Amino acid sequence: MSSSVLLYDGQCGLCSGTVRFLLRHERRHSLRFATLDGAVSRRVIARHPELRGVDSVVWVDAPDTPAECVMVRSEAALRVARYLGGAWRMALACRLVPRPVRDRAYDFVARHRHRLLGASRECLVPPADMRDRFLDWPLP
């Protein structure tokens, strides 16, 4: 696996909506996706035990290589903005805000995400032409 991977909560309406948004607006079409409760995530967490119990999207650069790098919370969200490019790169100005402050804001949204947008009653079904980018597809 060479391209970056975004690990997301497949049961979260906000997270699934974010994945759909990325699929519509990305330019490179190289990002891959896996659910936080899937086999890919379990392997990443086994290599990065500090991720156990993290309730966040996780961006994984260079997965399955010695250079593997994981980002969580606000850092992962900013990495998404960098990946999208264009006007989304303006969000990178948020790096001027100290990470603990950014992460508190991220955690607030994460804690309330099911109330804000609800739990997803249906799994995100990727379009047929993009299913190879969903590493846990087909679902068991």
Kindly indicate which of Leu31, Leu84, Leu36 is free of Cβ contacts under 8 Å to residues at least 40 places away in the same chain and among the hydrophobic types (A, V, I, L, M, F, W, C). Leu36
Among the residues in region 49-65, are any of a type in the set (Asp, Glu) and either within 15 Å of Ser4 (Cα to Cα) or touching a Leu at 6+ places or on another chain (Cβ under 7 Å) (or both)? yes
Do we find a residue being of a type outside the set (A, V, I, L, M), in contact with a Phe, Trp or Tyr (Cβ under 7 Å, 6 or more places away or on another chain) and modelled with pLDDT under 95 anywhere in region 4-16? yes
Which condition does Ala128 not pass, out of (1) under 20 Å from Gly13 (Cβ atoms); (2) at pLDDT below 90; (3) among the hydrophobic types (A, V, I, L, M, F, W, C), if it passes all the others? (1)
Expected single match for surrounded by 11 or more Cβ atoms within 10 Å (Cβ to Cβ) and either over 14 Å from Tyr8 (Cα atoms) or modelled with pLDDT under 95 (or both) among Ala119, Ala87, Ala93 is Ala119
I'd like the full set of residues that are charged (D, E, K, R) and outside any helix (DSSP H, G or I), limited to region 81-115. none
Quick check on region 55-68. Is at least one of its residues modelled with pLDDT under 90 and in contact with a Cys (Cβ under 6 Å, 6 or more places away or on another chain)? no
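The values are calculated or read from the model by the stated rules, or taken from the named source; none is laboratory data. Just so it is clear, the model here is predicted, and its values are computed rather than measured. Glycine also receives a Cβ, built like all others from the backbone with ideal geometry; neighbour counts cover every protein chain displayed.
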